[in-house]
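Everything on this sheet refers to the single structure shown next.
Quick note: the coordinates plus some simple rules give every number you see, no bench work behind them. This structure is a prediction, so every number in the text was calculated from the model and none was measured. Here Cβ is always computed from backbone atoms with ideal geometry, including for glycine, and neighbour counts include all displayed protein chains.
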Amino acid sequence: KTLLDVKNVSKRYGQETLALSNVNFSVNEGEFVSIIGPSGAGKSTLLRCINRMIDATDGEIHFENEDILKYNKREMRRLRTKVGMIFQHYNLVNRLSVIENVLHGRLGYKSTIAGILGLYSEEEKRQAIKLLGLLGLEEQVYKRCDQLSGGQKQRVGIARALIQDPKILLCDEPIASLDPNASKIIMDYLQTVSKTMGITVIVNLHQVDVALNYSDRIIGVSKGQIVYDGYPKDITTNQ
Ligand code: ADP
Ligand code: ADP
């Protein structure tokens, strides 16, 4: 079943930069897709168009059969809870604890009274602790984020996305700042999330070997265009 359908999408920054040019692909529910390509290829722009952090200049993006480029503000808020984002630099609040990052990072929370006061219910707290436990962070729940390693910070980022019960995780270079050991741990967790929770995953990577190891499918991007879309096994046997 198709979850995401990107049709003829282009994105311009100003007059000069055509960051995406006529991009077409669709993603099925539960798929684990890697997007690979050199720096500047347009990978990050593509993910940001899909959750509407930025607006595509042209084309259509259908998510659950709805054209998200036509969404109003309220519909966009709903979209953002269904689309979890994971960032290269984690985007955590370092002076807060791990559990506060998970609970305060929820979309819309900061504009509620509870959010302004930094409150949450026992049930929300239990849910956050459970998720952190699944990500191997039971010892870190009350630590400040600036005391964590990079790999641990990224797991907090994953927990913060998962607490909203998303349909899809968009991961923008999630392991680019991590050593090989921490990278493997993060990729293994993303695979677990995909296989056991049925969450669709799109991950931007520049390491082809990692993409080959973990993906159901690989999309190659160069200079704003898709230059490859296929299975890892076809890439290995062609070389
Ligand atoms: P990648 O994620 O593959 O490294 P990006 O999507 O970050 O690629 O960038 C694609 C192109 O768009 C690059 O030429 C980059 O310099 C340009 N670009 C990205 N973000 C902006 C922006 N906010 N304003 C102007 N140009 C941008
Ligand atoms: P990262 O490597 O952490 O993904 P980038 O260097 O790609 O960070 O981008 C950092 C920020 O700068 C992003 O918000 C992006 O939109 C913006 N950006 C990237 N390239 C350009 C550019 N050529 N002109 C203006 N802004 C850019």
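Could you work out the Kirkwood radius for the chain, taking every pair of different alpha carbons, averaging 1/r and inverting it, reported in Å?
Final number for the Kirkwood radius of the chain is 18.5 Å.
For the stretch 31-162, max minus min Cα coordinate along each principal axis, in Å, sorted largest first?
Dimensions of the stretch 31-162 along the principal axes of its Cα atoms: 45, 37, 26 Å.
List, in order, the whole-Hz ³J(HN,Hα) value for each residue of the stretch 106-119 obtained from phi through the Karplus relation with A = 6.51, B = -1.76, C = 1.60 and θ = phi - 60°; use x for Gly and Pro.
5, 5, x, 4, 5, 8, 8, 4, 4, x, 5, 8, x, 9
Amide H of Ser10 versus every other amide H placed in the peptide plane: which residues, excluding those fewer than 5 positions away on the same chain, fall under 5 Å?
Asn22, Val23, Thr57, Asp58, Gly59
Quick check on the stretch 165-222: take the gyration tensor over C-alpha atoms, sort the square-rooted eigenvalues as a ≥ b ≥ c, and tell me if it's rounded (a/c under 1.5), prolate or oblate.
Verdict is oblate for the stretch 165-222.
Any chance you could check the Cα centroid distance between the stretch 1-68 and the stretch 195-219 for me, in angstrom?
Value for the Cα centre distance between the two parts: 16 Å.
Specify whether the C-alpha gyration tensor of the stretch 77-122 places it in the rounded, prolate or oblate class, a ≥ b ≥ c being the square roots of the eigenvalues: rounded for a/c under 1.5, otherwise prolate if a/b is larger than b/c and oblate if not.
oblate
Amide H to amide H, which residues 5 or more places from Tyr228 or on other chains are under 5 Å from it, using H placed in the peptide plane?
Counting only residues 5 or more places away or on other chains, the set is Gly220.
Tell me what the chain gives for mean residue ellipticity at 222 nm when only DSSP H runs of n ≥ 4 count, each as -39,500 (n - 2.57), the sum divided by the residue total, rounded to 500 deg cm²/dmol.
Theoretical 222 nm ellipticity from helices: -10500 deg cm²/dmol.
Considering amide H positions built from the backbone, and no H for Pro or chain starts, which residues 5 or more places from Cys171, or on another chain, come under 5 Å of its amide H?
Hits under the 5 Å cutoff: Ile86, Ile202, Val203, Asn204.
Do you know the relative contact order of the stretch 146-239, to the nearest whole percent, from alpha carbon pairs under 8 angstrom that are 6+ apart?
It comes to 23 percent, rounded to a whole number.
Place a label point 7 angstrom from the Cα of Val227 along the Cα-to-Cβ direction, then list the residues of the stretch 22-57 whose backbone nitrogen is under 18 Å away.
What the label zone holds, given the 18 Å backbone N cut-off, is 22-25, 34-46.
With unit charges on the beta carbons (Lys and Arg positive, Asp and Glu negative) and the dipole taken about the Cα centre of the stretch 95-215, which residue among His104, Ile186, Gly118 sits farthest to the positive side?
Gly118
List Met85, Met76 from most exposed to least, where exposure is judged by having the fewest other Cβ atoms within 10 Å.
Met76, Met85
Relative to the longest principal Cα axis of the chain, at what angle does helix 150-162 sit, 0 to 90 degrees, rounded to 10?
The helix 150-162 is inclined about 90 degrees to the chain.
Apply the Karplus parameterisation 6.51 cos²θ - 1.76 cosθ + 1.60, with θ equal to phi minus 60°, to every residue of the stretch 73-84 and state each ³J(HN,Hα) to the nearest whole Hz, in sequence, with x for glycine and proline.
4, 5, 5, 5, 4, 5, 4, 5, 6, 7, 10, x
State the antiparallel share, in %, of DSSP beta bridges confined to the stretch 118-239, rounding to the nearest 5.
50 percent
Which stretch or stretches of the stretch 24-55 have amide N atoms under 15 Å from the point lying 7 Å from Asp216's Cα along the Cα→Cβ direction?
Under cut-off, by backbone N: 26-35.
Place a point 7 Å from the Cα of Glu64 along the Cα-to-Cβ direction; which residues of the stretch 151-177 have their backbone N under 15 Å from it?
164-169
In whole Hz, with x marking every Gly and Pro, tabulate ³J(HN,Hα) for the stretch 54-63 from phi via Karplus 6.51 cos²θ - 1.76 cosθ + 1.60, θ = phi - 60°.
10, 9, 4, 6, 8, x, 10, 10, 9, 10
For Lys43, go through the aspartates and glutamates and keep the ones whose alpha-carbon is under 12 Å away, minus same-chain ones fewer than eight residues off.
Asp172, Glu173
Please give me the summed charge of the neighbours of Gly84: other residues whose Cβ is under 10 Å from its Cβ, Lys and Arg +1, Asp and Glu -1.
+3
What does the charge add up to near Ile226, with Lys and Arg as +1, Asp and Glu as -1, over the other residues with Cβ less than 13 Å from its Cβ?
Summing Lys and Arg as +1 and Asp and Glu as -1 gives +3.
Summarise the long-distance tail of P(r) for the stretch 122-239 by giving the % of C-alpha pairs beyond 26 Å.
26 percent
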